Amino acid sequence: MPYSSNQILGIDIGGSGIKGSIVDVTNGALLCERHKILTPSNAKPEELAEVFKQVVDKFNYKGIVGCGFPAVVQNGVVKTAANISKKNIGVNINEVLSKVSDCNVLVFNDADAAGYASVSFGAAKEQKGVVLFLTIGTGIGSALIIDNKLVPNTEFGHIFMQNGLISEKYASDFIRQNQELSWDEWGERLNEFLLYIESIINPELIIIGGGVSKKMDKFQHKITIKTKFIPSVYLNNAGIVGAASLAAKKS
Ligand code: BGC
């Protein structure tokens, strides 16, 4: 199917799924039903590339692709690997994914991509000052936004909490499920993390994305931060929308 120049494929490579859709980058709308394939565990770049290609092929798409990736990514090169194979470190993932799909793929940190959706079309658009976007899933990703500008590759999911634990190893959604925590127990952990972050960066607004953003009613009563705290309007599609929009902007 022919796509117009405002219709960009966004793909979100996450710890559990690789999902994509065509995004209208003028308004952030998903134009097709999302296609999702499970992420192979401990995936090396070639294995991720294979699944990535299957998602691109599903849309019969050629052109610019924006892709969120669960690691620090600088100029297309992967710098960290917390929840993916260490074999990804040092790899120019822009090149690997462009080659396998025959598209022009631009890769960004997944939380930065999701945060960018909020800057372009969501709650961070009208908000001046410091906004923190957090994606809570397999890990905890962060996007720091200052006066509508993204500060890329912050990693607040890797700060040591006052209890000595790395925040994403204490309060991610994966930990909630893996340790069979109740929503109340997990909500208290998330609150500890948020109180700590709030005391360090004092943002005007915290936006939460990832699967748990759909379930705020289950844990919101445990959150005691003073900062305004809201779910992303795109819920867990923010990564797809933001990746497509960032790619359109940068290309
Ligand atoms: C990674 C981040 C990523 C987050 C969410 C963390 O483990 O270090 O780069 O944004 O998971 O996927």
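Is the shape of the stretch 12-105 rounded, prolate or oblate, going by the alpha carbon gyration tensor and its root eigenvalues a ≥ b ≥ c, with a/c under 1.5 for rounded and a/b larger than b/c for prolate? Cα axes put the stretch 12-105 in the prolate bin. Its Cα centre serving as origin, the chain has a Cβ charge dipole (Lys and Arg +1, Asp and Glu -1) of approximately 260 debye.
Working from label points 7 Å from Cα in the Cα-to-Cβ sense, the ASP147 to ILE159 distance is 2.3 nm.
For the stretch 127-233, the Cβ-based charge dipole about the Cα centre amounts to some 240 debye (Lys, Arg positive; Asp, Glu negative; other atoms uncharged). Accessible surface area normalised per residue over the chain is 44 Å², counting heavy atoms of protein chains with a 1.4 Å rolling probe. Near the amide H of LEU205, within less than 5 Å, lie the amide hydrogens of LEU132, all on another chain or at least 5 residues away, with H placed in the peptide plane.
Positive-end ranking of SER182, ILE146, SER213 along the dipole of the stretch 127-233, with charges on Cβ about the Cα centre, is headed by ILE146. Using 1/(1 + (r/R0)^6) with R0 = 30 angstrom and r between the beta carbons of LEU195 and LYS125, what's the FRET efficiency to the nearest 0.05? With R0 = 30 Å, the Cβ-Cβ based efficiency is 0.65.
Which value, in Å to one decimal place, does the Kirkwood hydrodynamic radius take for the chain when every pair of different Cα atoms is included?
17.9 Å
Structure remark: mean-square fluctuation, Gaussian network model of the chain, C-alpha springs under 10 Å; the largest value among ILE225, ILE84, ILE240 belongs to ILE225. Using the Cβ-Cβ distance between ASN60 and LEU38 with R0 = 22 Å, the FRET efficiency computed as 1/(1 + (r/R0)^6) comes to roughly 0.50.
Excluding same-chain neighbours fewer than eight residues apart, the lysines reachable from LYS62 by a Cα-Cα span under 23 Å are LYS19, LYS36, LYS53, LYS99, LYS249, LYS250. Packing, as the average of other Cβ atoms within 10 Å across residues, places the peptides 179-187, 66-74, 4-12, 199-207 in the order 66-74, 4-12, 199-207, 179-187, highest first.
Rg then Dmax, both in Å and based on the Cα atoms of the stretch 127-233: 12.8, 39.
The values are calculated or read from the model by the stated rules, or taken from the named source; none is laboratory data. Owing to the predicted nature of the structure, the values given are computational and were not obtained by experimental measurement. Neighbour counts are summed over all protein chains in view; Cβ atoms, including those assigned to glycine, are modelled from backbone coordinates with ideal geometry. Protein only, heavy atoms only, side chains kept; ligands, DNA and RNA dropped before computing areas. Shrake-Rupley method; radii C 1.70, N 1.55, O 1.52, S 1.80 Å.
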